[in-house]
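What follows is a set of notes on a single structure, which appears directly below.
The values are calculated or read from the model by the stated rules, or taken from the named source; none is laboratory data. If you're wondering where the values come from, they're calculated on a predicted model, not measured in any experiment. Note that each Cβ is placed from the backbone with ideal geometry, even for glycine, and that neighbours are counted across all protein chains shown. Areas reflect the complete protein model, heavy atoms only, side chains present, ligands, DNA and RNA absent. Shrake-Rupley method; radii C 1.70, N 1.55, O 1.52, S 1.80 Å.
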Amino acid sequence: MNFRYRFLRFPEGKTRAFTMSYDDGCREDVRFSDLITSYGLKCTFNLNSMALHGEDAMKTETVKEKFLDRGHEVAVHGYFHRAPGMITPTELVRDVLESRRELEARFGRIIRGMAYPDSGIRNMFPGNSYEEIKAILQSLGIVYARTLGADNDLFRLPQDFLAWMPTAHQENDAVFEYIDKFLAIDFENAYVANRYPRLFYLWGHGYEFTRREGGWERIEEICKKIAGHPDVWYATNMEIYDYVTAYNSLVFSLESDRIYNPTLYTIWFEIDRKPYKIAPGETLFLA
Ligand SMILES: [Zn+2]
């Protein structure tokens, strides 16, 4: 088989995906969910215990009705909202385990996603290491965790899902410029090596919509700009993780001319500009 590159395509062969991640279960999140749902966007809501137990606590029914029933995701954000780089391994175990246990018990879902609280893995105390934090998260069944602090317009899928760097914070001055750039990528005419899929990952906090004048208008403007594009897959963090993981599970012959899909997902990809899809359990023979 003579070809140069094979690239993932998102469901229905789409080249682009858009996802969101909002922290802390702010009271603004319900209105935010109303807004994004009306635009067909998907978000992952990262909830700590303050969001579920504090004075302004979100009711279990509210989370179910306003987030989960609408196809959004709920993920771990640390029971006590403590930065993994600044606590002991034992404290980290407790923070993640308690958070995951509570979310699963309340909402009846399998919860495997996370957003690092506070400075996360950016500020590492002496004796702590990312490798150890990663190993702890893996042993607690966390498969992805969002980090922060390096907004960029590369739109790459993460190399390491446990250090998943978003594209931009909602208040980044460049966010509209980034969206324009993301939507303007010309896959039709792109050089064969540049046809890899692109992901736009937006994150923030609900309270930022009210903290700043014009915050709600700004997020609606973002929604308007990013929504409704037929070539963009709108998905939660976990949907993206699951799909990419399924793609990475494809099995190839030595010559790459036979491809077997052992997963339960229909998977799309392209080889040197030619689109393919492979059904669950199917083996594809390429001429
Ligand atoms: Zn937080």
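The single condition among (1) of a type outside the set (Phe, Trp, Tyr); (2) more than 22 Å from Phe32 (Cα to Cα); (3) in contact with a helix residue (DSSP H, G or I) (Cβ under 6 Å, 6 or more places away or on another chain); (4) crowded, with 16+ Cβ neighbours inside 10 Å that Ile142 does not satisfy is (3). Considering each residue of region 185-195 in turn, at least one proves to be basic (Lys, Arg), buried (at least 17 other Cβ atoms within 10 Å of the Cβ), more than 22 Å from Thr236 (Cβ to Cβ) and in contact (Cβ under 8 Å) with a residue 60 or more places away in the chain. Name the residue that is nearest to Phe252 (Cα to Cα), counting only residues in region 15-25 that are more than 16 Å from the ligand (Cβ to nearest atom) and open to solvent by 10 Å² or more (accessible area, probe 1.4 Å). Filtering first and then ranking leaves Thr15. Across region 107-125, the number of residues qualifying as assigned to a helix (DSSP H, G or I) and either within 15 Å of the ligand (Cβ to nearest atom) or open to solvent by 70 Å² or more (accessible area, probe 1.4 Å) (or both) comes to 0. Would you call Ile259 more than 26 Å from the chain's Cα centre (by Cα), farther than 23 Å from Val143 by Cα, buried (at least 16 other Cβ atoms within 10 Å of the Cβ) and touching a residue at least 24 places away in the same chain (Cβ under 8 Å)? Yes; evaluated as a whole, the condition is true for this residue.
Name the single residue, out of those in region 190-206 being outside any helix (DSSP H, G or I) and at pLDDT below 95, that is farthest from Glu171 (Cα to Cα). Looking at the filtered set, the residue picked out is Tyr191.
Of the residues in region 50-106, how many are open to solvent by 60 Å² or more (accessible area, probe 1.4 Å), within 16 Å of the ligand (Cβ to nearest atom) and either acidic (Asp, Glu) or not in a helix (DSSP H, G or I) (or both)? Here the count works out to 3. Does Asp173 satisfy the criteria of being farther than 22 Å from Leu8 by Cα and in contact with a Ser or Thr (Cβ under 7 Å, 6 or more places away or on another chain)? It is false that Asp173 is farther than 22 Å from Leu8 by Cα and in contact with a Ser or Thr (Cβ under 7 Å, 6 or more places away or on another chain).
When each of Glu28, Glu12 is tested for being out of contact with any helix residue (DSSP H, G or I) (no Cβ under 8 Å at 6 or more places or on another chain), within 25 Å of Ile222 (Cα to Cα), away from the ligand (no atom under 13 Å from the Cβ) and of a type outside the set (A, V, I, L, M, F, W, C), the lone residue that passes is Glu12. Within region 151-176, residues that are closer than 19 Å to Tyr22 by Cα have Cβ atoms under 7 Å from residues that are buried (at least 19 other Cβ atoms within 10 Å of the Cβ) and among the basic types (Lys, Arg) in these pairs: Phe155/Arg198; Trp164/Arg146; Pro166/Arg146, counting only partners at least 6 apart in sequence or on another chain.
Residues checked against (1) of a type in the set (D, E, K, R); (2) farther than 22 Å from Ile36 by Cβ; (3) touching a strand residue (DSSP E or B) at 6+ places or on another chain (Cβ under 6 Å):
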site	(1), (2), (3)
Glu132	yes, yes, no
Phe161	no, yes, yes
Thr167	no, no, yes
Asp173	yes, no, no
Tyr178	no, no, yes
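The residue list Tyr265, Tyr234 contains one member that is open to solvent by 70 Å² or more (accessible area, probe 1.4 Å) and under 22 Å from Cys43 (Cα atoms), which is Tyr265.
Could you grab me the full set of residues in region 31-48 that are open to solvent by less than 10 Å² (accessible area, probe 1.4 Å) and either assigned to a helix (DSSP H, G or I) or more than 16 Å from the ligand (Cβ to nearest atom) (or both)? Once the filter is applied, which keeps residues that are open to solvent by less than 10 Å² (accessible area, probe 1.4 Å) and either assigned to a helix (DSSP H, G or I) or more than 16 Å from the ligand (Cβ to nearest atom) (or both), region 31-48 yields Phe32, Ser33, Ile36, Leu41.
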